[in-house]
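Working notes for the structure below.
The values are calculated or read from the model by the stated rules, or taken from the named source; none is laboratory data. As the structure is a computational prediction, the values presented were derived from the model and not from experiment. Positions of Cβ are backbone-derived with ideal geometry, glycine not excepted, and every protein chain shown enters the neighbour counts. For accessibility, only protein heavy atoms count, side chains too; no ligands or nucleic acids. Shrake-Rupley method; radii C 1.70, N 1.55, O 1.52, S 1.80 Å.
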Amino acid sequence: MADPSSYRPKPGQIPDSPGVYKFRDEHGRVIYVGKAKSLRQRLASYFQDLAGLHPRTRTMVTTAAAVEWTVVSTEVEALQLEYTWIKEFDPRFNVKYRDDKSYPYLAVTLNEEFPRVQVMRGAKKKGVRYFGPYGHAWAIRETVDLMLRVFPVRTCSAGVFKRSAQIGRPCLLGYIGKCSAPCVERISAGEHRELAEEFCDFMAGRTGAYLRRLERQMQEAAEEMEYERAARLRDDIGALKRAMEKSAVVLADATDADLIAVAEDELEAAVQIFHVRGGRVRGQRGWVTDKVEAVTTGDLVEHALQQLYGEEQGDAVPKEVLVPALPEPVEPVAQWLSHRRGSQVSLRIPQRGDKKDLMATVGRNAQQALALHKTKRASDLTTRSRALEEIAEALGLDSVPLRIECFDISHLQGDDVVASMVVFEDGLARKSEYRRFQIKGRVGDEQIWHGQGQDDVRSMHEVTARRFRRYLQEKQRSGEWTEEPAEDAPVEADGPMEPGAGRPVDEDGRPKRFAYPPQLVVVDGGAPQVAAARRALDELGIDDVAVCGLAKRLEEVWLPGEDDPVVLPRSSEGLYLLQRVRDEAHRFALRYQRTKRGKRLKASPLDAVAGLGDTRRQALLKHFGSLKKLRAATVDEICEVPGVGRKTAETVVAALAGAAPSAPAVNTATGEIIEDDGAPPAALSAERGQER
């Protein structure tokens, strides 16, 4: 526990101007981000007598080891920078709302040549119109099914659309009148886009004019005695009215507004949002959060507004936002919302009438969401706490292992050897910190083993050493460890789950790849794997991390240097947590190994031929029918393929002559040997049963 006076800025060093500040812990992680109208006054409030601080604030300042700040011109800029930093650094002591579910949206892909109507979740994409969110995906599909009768917009995937265009025949929806079939050019791309835009206008609430137009067309058709057309229009009007009835009118003046309500207690808070468009509730969502800092209802509202509109622009921010309490001060928040919309936004508390009544309804939803969340959370917290305590007791640890890392090795008969590292914090998976490794047969610059067969023990030693060598490097880079690194300690190229991620930079406060040590390392295996992991830690001088292994056969827990395993009861929550950690590591390693093997099996000797692109490679395989026949062809025969000259043909012959033919693939269902046709993935199913 740090003493705040040890890092308190000197008097007069803090400017008396608007800005944003960050507290960092001893590892350099950003643990809290805040904004202030006056940095001097705000930061001074953190360095008073600890007894006078709120308990959560006291925990934060004693966890921190440094504070820094950035001066901005206005409070609006401070609000925007605070939101950006919270998104970037994910500080543990800031309020972070968690969606209680991944809400589905009705999306229209106007960024495509032929817009498509579909259900979408996750991050919003540029050029796509979204409507919702909806409580359930089936509610979207019911609405779309009714709307397609009047607006027969494409709903098929890109593959189905392309296939229908190739065969010149639409899918079933095209035959029953629920798709205008642009794939077979029943209508042009421009006409289909107009149809999609009319669909969007209707979903956005501009319904009255369109219904009146359909009713007028129905009357005209009846007067002209076109009774079939009039009946079809009558059914279209009925379908649209049924779709409209699914969202009841709540505000009679066709208001566009978002209503935000908060329910809270001492520890947690729940937020509910109703999205009202055209006087109708078009969407609803809810968030929950732990109150890890001392916050008022106005502060919770401000954080909710940041999360709700931080990535939105234009009409996605409504003209009116109704809240139960105003942030303090309210002017910067209102200006920030207006800037994001591009026009004036009213941020206020409803005082009377329908809006106040609707706000009460939203508040009741928030209360119910908080009660339901606390019921689930109480059970989860109790179970996880008991599991961690059982693990600490069984392994003889001084404290419960709040961070557990598990390693697993995966291979196929000794080939494509890879490893995984999964992380559990507080008994929950932290997938953003999962890592995967390619086993190199070396640690640092030293070649530690050779051989073509499998060796889980040496692989476990390598991956554990590489992970904790990176931890020591990060400590040295952040100034926590002043000794010189070992000569065989280069920067590893072990990437995170997301491809293309760059190396960590300790100055910016972002989570570094291997910067935080676990309290417990779990390995998938028995005594040999445990000994290998322990030996790797001992070689690096790390003695404050516990190691254990979980053997699959009898689910025994092995400790380093022990002849007998620790046997946890089958009903033990601690054993169940260890099993979940081990199984997650195995799943993650196996997925990576299959991906790596799939890429290798899909490789062809033709891939290495210089100057031979995809087009000519496909032309060669199409001309000869298989790689086996191409390998038997002469230079003159290869030159007969359009686009292939003699020099390229000679290169192909040389490459195929130098490449050893692969073993024939076998159909596991029939035992039939499959001819080598340049599609090696056929052997994949035969090998899958041999993988670990």
**Prompt:** Only one of (1) farther than 21 Å from M460 by Cβ; (2) modelled with pLDDT of 75 or more; (3) assigned to a loop (DSSP other than H, G, I, E, B) fails for E562. Which number is that?
**Reply:** (1)
**Prompt:** Exactly one of (1) of a type outside the set (V, I, T); (2) closer than 20 Å to P327 by Cα; (3) open to solvent by less than 30 Å² (accessible area, probe 1.4 Å); (4) not in a loop (DSSP other than H, G, I, E, B) is unmet by F23. Its number?
**Reply:** (2)
**Prompt:** So which of A123, A64, A51 is within 30 Å of the chain's Cα centre (by Cα), modelled with pLDDT under 85 and of a type in the set (G, A, S)?
**Reply:** A123
**Item:** Counted residues, region 241-280 - those being at pLDDT 75 or above and either assigned to a strand (DSSP E or B) or under 27 Å from the mean Cα position of the chain (by Cα) (or both)
**Value:** 18
**Asked** Between residues in region 185-198 that are within 13 Å of E112 (Cα to Cα) and residues that are of a type in the set (V, I, T) and surrounded by 16 or more Cβ atoms within 10 Å (Cβ to Cβ), which pairs lie under 9 Å by C-beta distance while being six or more apart or on different chains?
**Response** H192/V153; A196/V108; A196/T109; A196/V117; A196/V153; E197/V108
**Request:** Give V545, V523, V566, V530 a once-over and let me know the one that is aliphatic (A, V, I, L, M) and open to solvent by 20 Å² or more (accessible area, probe 1.4 Å).
**Result:** V566
**Message:** Contact list please: Cβ distance under 7 Å, first residue in region 319-338 and touching a residue at least 12 places away in the same chain (Cβ under 8 Å), second residue open to solvent by less than 40 Å² (accessible area, probe 1.4 Å) and of a type in the set (D, E), pairs at least six apart or on different chains.
**Reply:** V321/D258; P327/E302; V333/E302
**Prompt:** Among all residue pairs at least 6 apart or on different chains, which show Cβ distances below 6 Å where the first residue, located in region 131-143, is more than 10 Å from V119 (Cβ to Cβ) and the second is at pLDDT 70 or above and surrounded by 20 or more Cβ atoms within 10 Å (Cβ to Cβ)?
**Reply:** F131/L106; F131/M203; P133/Y105; P133/G283
**Fill in**
Per the filter on region 283-314, residues within 24 Å of K126 (Cα to Cα), open to solvent by 20 Å² or more (accessible area, probe 1.4 Å) and out of contact with any Pro (no Cβ under 6 Å at 6 or more places or on another chain) are Q284, Q307, E311, E312, Q313, G314
**Asked** Mind checking which pairs have a first residue in region 283-306 that is closer than 30 Å to I140 by Cβ and assigned to a helix (DSSP H, G or I) and a second that is open to solvent by 10 Å² or more (accessible area, probe 1.4 Å) and not aliphatic (A, V, I, L, M), Cβ under 6 Å, 6 or more apart or different chains?
**Response** Q306/Y83
**Top-ranked residue in region 315-334 [being closer than 23 Å to A36 by Cβ and not in a loop (DSSP other than H, G, I, E, B); ranked as most open to solvent (accessible area, probe 1.4 Å)]** = E331
**Asked** Restricting the search to region 71-97, which residues are open to solvent by 50 Å² or more (accessible area, probe 1.4 Å) and either under 15 Å from G310 (Cβ atoms) or in a strand (DSSP E or B) (or both)?
**Response** V71, E77, Q80, T84, K87, E88, D90, K96
**Prompt:** From the residues in region 102-120 that are more than 20 Å from D258 (Cα to Cα) and free of Cβ contacts under 8 Å to residues at least 40 places away in the same chain, which one is least open to solvent (accessible area, probe 1.4 Å)?
**Reply:** T109
**Message:** Going residue by residue through region 599-609, is there one that turns out to be more than 30 Å from V521 (Cα to Cα), surrounded by 12 or more Cβ atoms within 10 Å (Cβ to Cβ) and modelled with pLDDT of 80 or more?
**Reply:** no
